[in-house]
Amino acid sequence: MGVLKLNNSEVLLPLTINEKFLGDYISLETKRTYSIALRDFLSWMNEFYEDVSCITKIDRDHIAKYRDYLIEFRGQNGNKMAPTSVNLKLASISAYFEFLVKEGLLSSNVVKSVRRPKKEVKNPTQALTKEQARSLLESIESDESGPLHKALLFTLWMTGLRKSAVLNLKRQDYFETNHGMILRVTDKGGKQLQKLVHPELELALEEYLDWMRDRSRERSPTDWLFVPTKNPKDPTNLEKQINPKTLNRIIEKYCQKVGISGKISAHSARATFIEVLLDSGANIIDVKDEVGHKSVTTTQEYDKRRKGLRRSLVRSLDY
């Protein structure tokens, strides 16, 4: 087994995942994504490079060959793997190598120097107009699971939060401050955000919480904020996170109800939130911070105003 000597001691780094690495992440989805990507990579290394029994022996060439392997052989239905999927797997591996560097177990992160495939141009996420969003939110009735559905959809469309962030909310993440009601969110990458709650969203959340109390399902601080009203697989277990697929079905249900066609998803709510703010004249830097984007370039991708010829800066040109 290969050995890395640090501070006159020998550190063994076998081709396995250091569990401390996954413990640094809160999101279960992030842990799952990183774990699968790392297991696949280390399994590939064990299969094709039997002589490399230690992570310290993995070099840039191994990573580049794994990238090429992913592109050529790990796509679906005989197609090449999409650049976005390849980059996600490489990012997972890079995050692990960076962790080992910070722990003093590796001298450098060899994944960083490997060129990533260029992202393919995708159709933008379908956002709703203000009128469509209002129609959707007003279509939710108060019977059956209505209060839950209303609280979920209002949270999505009135915060611009990612689906995972909404489903990971605990009861203690909804609280009052001097500025008003707040949602405390653990966003992508473990980033902590505080979102001021819109008055209409506050009404929806309070209605939902009252409805849960009436059903003898009072939320304690560490309980999930949003939980299902039924569980066909285990009717006795309702104190669990809502399945992302269930949320997708809820969105689809109300879109069909008001006649909104197309591929509308939870990310459509985020896109709508961004576009409405930008169209109302909000500063794009402020919008970037509001939705937790790392770069303003990402926020600009949602700005449909930039695509209209009638807004071309040429009209302002005056020599």
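The values are calculated or read from the model by the stated rules, or taken from the named source; none is laboratory data. Since the model is a prediction, treat every value here as computed from it, not as a measurement. Neighbour counts are summed over all protein chains in view; Cβ atoms, including those assigned to glycine, are modelled from backbone coordinates with ideal geometry.
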- Considering only residues that are of a type in the set (Ser, Thr, Tyr) and outside any loop (DSSP other than H, G, I, E, B), look in the stretch 124-155 and name the one that is nearest to Lys195 (Cα to Cα). Thr155
- Query: Are any residues in the stretch 221-239 in a loop (DSSP other than H, G, I, E, B) and at pLDDT 90 or above, and if so, which ones?
  - Reply: Pro221, Thr222, Asp223, Leu225, Phe226, Val227, Pro228
- Item | Residue list for the stretch 255-283, restricted to those being crowded, with 21+ Cβ neighbours inside 10 Å and either of a type in the set (Ser, Thr, Tyr) or not assigned by TED's automatic domain parsing to the domain that holds Pro244 (or both) | Ser268, Thr272
- Query: Which of the residues that make up the stretch 208-246 are in contact with a Lys or Arg (Cβ under 7 Å, 6 or more places away or on another chain) and of a type in the set (D, E, K, R)?
  - Reply: Arg219, Asp223
- Task: Note down all Cβ pairs under 7 Å where the first residue falls in the stretch 124-144 and is in contact (Cβ under 8 Å) with a residue 60 or more places away in the chain, the second is of a type in the set (S, T, N, Q) and outside any loop (DSSP other than H, G, I, E, B), and they're at least six residues apart or on different chains.
- Result: Thr125/Ser268; Gln126/Ser268; Ala127/Ser268; Ala127/Thr272; Leu128/Ser268; Leu128/Thr272; Ala133/Thr272
- Task: Within the stretch 59-79, track down each residue that is within 25 Å of the chain's Cα centre (by Cα) and under 12 Å from Pro117 (Cα atoms).
- Result: Arg67, Leu70, Ile71
- Message: I need the full set of residues from the stretch 55-95 which are aliphatic (A, V, I, L, M), closer than 24 Å to Leu105 by Cα and modelled with pLDDT of 90 or more, in order please.
- Response: Ile58, Ile63, Ala64, Leu88, Leu90, Ala91, Ile93, Ala95
- Message: Given the condition under 20 Å from His149 (Cβ atoms) and either in a helix (DSSP H, G or I) or at pLDDT below 90 (or both), answer yes or no: does some residue in the stretch 278-285 qualify?
- Response: no
